[in-house]
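Step one of this worksheet: look at the structure below.
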Amino acid sequence: MKASAKAHTNIALIKYWGKRDESLILPMNNSLSLTLNGFYTTTTVDFRESLTEDSFYLNNQPVSGVEYERVTSFLDLIREYAGKPNLFAEVHSTNYVPTAAGFASSASGFAALATAAAKSLGLKVSDEELSILTRQGSGSACRSIYGGFVEWEKGDRSDGSDSYAIQVAPANHWDIRVAAVVLSSSAKKVLSREGMKRTVDTSAYYSSWVESIPDDLNNIKEGIKNRDFEKVGEIAEANCLRMHATTLAANPPFTYWHDTTLAVMQSVQELRENGVSAYFTIDAGPNVKVLYLPENEETIQSTLREIPGVDDVIASRAGQGVSYI
């Protein structure tokens with residue numbers, strides 16, 4: 001049966017950075033994100049008995065190599081879960097996200113893939129079960145199952161059965177905005193998985209980073225509940241800077257930032273000094289996401305667009321969870 005799904009990407013306000021189990025994608029710490037309406041992936045999966053192997057098309061182009069293997073390995077998990085190990089699929093995905101440039105295209109991609117594949121196989125799964133399955137394709141993808149503010153619980157069990165995402169607040173809880181500042185659409189030199197492993201294995205700052213997470217989570221969830229923008233923004237920005245500090249202390253050290261990344265960060269800080277409330281966060285890439293409230297949208301947009309090296313500024317609101325199309 002053919003099935004299609006849509007999933008939005010998310011931006012982590014409390015970062016996921018590092019795994020305790022590489023194969024099951026179990027994180028070292030809880031994380032918290034905001035699902036965004038402006039970036040998403042649509043995916044159609046068609047399992048057919050006539051097929052002898054999987055095929056995968058991204059943006060209408062056939063995919064091979066590492067990305068193909070990643071998709072087929074994930075489909076193997078779905079097949080095993082459904083008890084249909086020899087049933088292959090044709091997969092068509094369209095990404096409305098700059099791939100591998102720090103916008104977590106894998107989050108929306110694997111969330112849409114898991115949702116469509118499960119329906120194509122006739123699986124009846126809860127959101128919790130879908131989140132667990134999705135996590136094994138891409139860690140941050142488990143958060144894209146839900147809309148609004150979402151926490152990924154790291155869990156303690158070795159089999160990963162208690163590591164899944166839960167919704168903290170729905171999309172309509174708070175009209176908080178995110179400006180995605182596009183600096184580069186090129187693929188990053190150090191992929192997230194490689195960067196995480198290097199940081200966990202070698203960074204002198206990593207243990208301190210993990211120890212700081214519980215307080216950040218408790219405080220930011222209180223800020224979200226009370227719609228306290230300054231509290232949420234301050235915690236998110238500080239958490240982001242601490243995460244990126246761990247990469248500078250890795251061996252060999254690395255960073256995802258470009259010169260323009262720093263220019264955007266400085267511009268956001270200057271906006272605050274001039275009375276415009278805005279905060280930045282950055283995932284594993286050069287692009288910056290700026291948090292702000294609706295009344296400051298025009299000022300934020302115009303200021304960011306004037307920075308040399310900024311290619312585009314794309315505004316997003318809180319997005320919904322996965323849906324069928």
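The values are calculated or read from the model by the stated rules, or taken from the named source; none is laboratory data. These numbers were taken from a predicted model, which means no experiment stands behind them. For neighbour counting, all protein chains shown are included, and Cβ atoms are generated from backbone atoms with ideal geometry for every residue, glycine included. Just the protein is used for accessible areas: all its heavy atoms, side chains included, with ligands, DNA and RNA removed. Shrake-Rupley method; radii C 1.70, N 1.55, O 1.52, S 1.80 Å.
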(request) Only residues that are open to solvent by less than 30 Å² (accessible area, probe 1.4 Å), among the aromatic types (F, W, Y) and either within 13 Å of S120 (Cα to Cα) or touching a Pro at 6+ places or on another chain (Cβ under 9 Å) (or both): list them for region 73-88, please. (result) none
(request) Give just the number: which of (1) surrounded by fewer than 20 Cβ atoms within 10 Å (Cβ to Cβ); (2) in contact with a Gly (Cβ under 6 Å, 6 or more places away or on another chain) does M196 not satisfy? (result) (1)
(request) Restricting attention to strands (runs of 3 or more DSSP E) lying wholly within region 96-185, give those where 2 or more residues are within 29 Å of R227 (Cβ to Cβ), modelled with pLDDT of 95 or more and aromatic (F, W, Y). (result) 149-152
(message) Suppose we keep only residues that are more than 22 Å from the chain's Cα centre (by Cα) and in contact (Cβ under 8 Å) with a residue 24 or more places away in the chain within region 261-285. Which one would you say is nearest to G309 (Cα to Cα)?
(response) A263
(request) Looking only at region 211-236, count how many residues are aliphatic (A, V, I, L, M) and either touching a Ser or Thr at 6+ places or on another chain (Cβ under 9 Å) or surrounded by fewer than 18 Cβ atoms within 10 Å (Cβ to Cβ) (or both). (result) 3
(message) Between E297, E306, which is closer than 13 Å to V182 by Cα, out of contact with any Phe, Trp or Tyr (no Cβ under 8 Å at 6 or more places or on another chain), modelled with pLDDT of 95 or more and acidic (D, E)?
(response) E306
(message) I'd like to check something: does region 52-60 contain any residue that is open to solvent by 10 Å² or more (accessible area, probe 1.4 Å), more than 17 Å from the chain's Cα centre (by Cα) and more than 24 Å from S323 (Cα to Cα)?
(response) yes
(request) Could you tell me whether region 29-42 includes any residue that is in contact (Cβ under 8 Å) with a residue 12 or more places away in the chain, among the aliphatic types (A, V, I, L, M) and open to solvent by 30 Å² or more (accessible area, probe 1.4 Å)? (result) no
(request) Kindly provide the set of residues from region 1-28 that are basic (K, R) and either surrounded by fewer than 24 Cβ atoms within 10 Å (Cβ to Cβ) or over 17 Å from E153 (Cβ atoms) (or both), ordered by number. (result) K2, K6, K19, R20
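Yes or no, residue by residue, for (1) more than 30 Å from D215 (Cα to Cα); (2) modelled with pLDDT under 95; (3) of a type in the set (A, V, I, L, M, F, W, C); (4) within 21 Å of the chain's Cα centre (by Cα):
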position	(1), (2), (3), (4)
K2	yes, no, no, no
A12	no, no, yes, yes
T44	yes, no, no, yes
T72	yes, no, no, yes
